[in-house]
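Take a look at the structure below.
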Amino acid sequence: MSRPFSELVADETWRSDAKAWIAEQLAGRGHRITGPVEQPRIRPWSTQLVVPTDAGQMWFKANCPANSFEAQLQQVLAELVPDAVEAPLAVDAERGWMLTADHGPSLGERLEPGIAEWQDVVSLTAQVQRNLAGQKGALIAAGLPDYSPPTVPERFDWLIERLARLPDDHPSHLPADLARRLDQASPLIEDAAQRLEESPVPSTFQHADVHSNNVYAVDNRLRLFDFGDAQWAFAF
């Protein structure tokens, strides 16, 4: 059985491999690491390394297998919506590794967002969705999960079955009576999914985790980052 992600990335062997990859990517750009590489956080889904270099501070991010698409996705997003997403400096798509420049504090770290700031964030997100509505092929090819309305009924049934099979003492176990009621609701789910699919509002890119700490500003223009929860889904 493979090791849990959070255990794997806490291992010195893994960190040594990551630092070697970072050093290689920097050397290819004529730069080098200039101090200790720190690992400020480890989560079940991702970890980050802070890298001091002769070109300024850089960030390395690694995702768990389920979210490993983020690195390649950000690279593709930067090509499709360059005004909204910054390109990574380096990507290892197979391992889900990414190296990016430090762009300073996020919006939420700089201030307590008010109505005007949230309007800017929502406008940016909506414009990205509009611009990417016709780019499903490129984004799915980059690894973006497809959660569009036609996929919902099958995933709903899968979830019922999966949770019902968990041991009775598992906190997510689905009791048999509730599983039956949910199963009987499948036609309602299918009808709702069909209505969304036929709606004039399209499915498009969903960041799925937009908040003030996943946005930063470059030359007074906002940029989105942190795409590990992103998906292709109904716009609203």
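The values are calculated or read from the model by the stated rules, or taken from the named source; none is laboratory data. Since the model is a prediction, treat every value here as computed from it, not as a measurement. In this analysis, Cβ positions are derived from the backbone assuming ideal geometry, glycine residues included, and neighbour counts consider all displayed protein chains. Areas reflect the complete protein model, heavy atoms only, side chains present, ligands, DNA and RNA absent. Shrake-Rupley method; radii C 1.70, N 1.55, O 1.52, S 1.80 Å.
Here are some notes:
- Gly137 being open to solvent by 30 Å² or more (accessible area, probe 1.4 Å), modelled with pLDDT of 95 or more, more than 30 Å from Gly35 (Cβ to Cβ) and in a loop (DSSP other than H, G, I, E, B): no
Matching residues to (1) open to solvent by less than 60 Å² (accessible area, probe 1.4 Å); (2) assigned to a helix (DSSP H, G or I); (3) touching a Ser or Thr at 6+ places or on another chain (Cβ under 9 Å):
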| position | (1), (2), (3) |
| --- | --- |
| Pro167 | no, no, no |
| His170 | no, no, no |
| Glu190 | no, yes, no |
| Gly228 | yes, no, yes |
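- With respect to the conditions (1) more than 30 Å from Val81 (Cβ to Cβ); (2) polar (S, T, N, Q); (3) assigned to a helix (DSSP H, G or I), Asn131 lacks only one, and its number is (1).
- Whenever a residue of the range 79-104 is closer than 20 Å to Gln206 by Cβ, its partners that are open to solvent by 60 Å² or more (accessible area, probe 1.4 Å), lying with C-beta atoms within less than 6 angstrom and at least six residues away or across chains, give the pairs Leu80/Gln135; Val81/Asn131.
- Residue within the range 204-224 that is among the polar types (S, T, N, Q), farther than 23 Å from Ala62 by Cα, part of a loop (DSSP other than H, G, I, E, B) and open to solvent by 60 Å² or more (accessible area, probe 1.4 Å) present: yes
- Among the residues of this structure, Ser123 does not count as one that is assigned to a loop (DSSP other than H, G, I, E, B), exposed (fewer than 15 other Cβ atoms within 10 Å of the Cβ) and polar (S, T, N, Q).
- Selection from the range 4-27 of residues that are free of Cβ contacts under 8 Å to residues at least 12 places away in the same chain, under 14 Å from Leu89 (Cα atoms) and open to solvent by less than 70 Å² (accessible area, probe 1.4 Å): Ala23, Ala27
A quick yes/no check of all residues on (1) under 23 Å from His31 (Cα atoms); (2) among the polar types (S, T, N, Q); (3) open to solvent by less than 40 Å² (accessible area, probe 1.4 Å):
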{"residue": "Pro65", "(1), (2), (3)": "no, no, no"}
{"residue": "Leu99", "(1), (2), (3)": "yes, no, yes"}
{"residue": "His103", "(1), (2), (3)": "yes, no, no"}
{"residue": "Ser106", "(1), (2), (3)": "no, yes, yes"}
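- Yes/no for Pro88 being open to solvent by less than 50 Å² (accessible area, probe 1.4 Å) and part of a loop (DSSP other than H, G, I, E, B): yes
- Only one of Ala217, Ala142 that is modelled with pLDDT under 95, touching a helix residue (DSSP H, G or I) at 6+ places or on another chain (Cβ under 8 Å) and closer than 29 Å to Arg95 by Cα: Ala217
- If you go through the range 44-60 and keep only what is under 14 Å from the mean Cα position of the chain (by Cα) and open to solvent by 30 Å² or more (accessible area, probe 1.4 Å), you end up with Pro44, Trp45.
- Inter-residue pairs, beta-carbon under 8 Å, first without any contact (Cβ under 8 Å) to a residue 60 or more places away in the chain and more than 22 Å from Ala142 (Cβ to Cβ) and in the range 45-70, second of a type in the set (Gly, Ala, Ser) and part of a loop (DSSP other than H, G, I, E, B), 6+ apart: Pro52/Gly35
- Test: residue in the range 141-161 that is open to solvent by less than 70 Å² (accessible area, probe 1.4 Å), part of a helix (DSSP H, G or I) and closer than 16 Å to Val81 by Cβ: no
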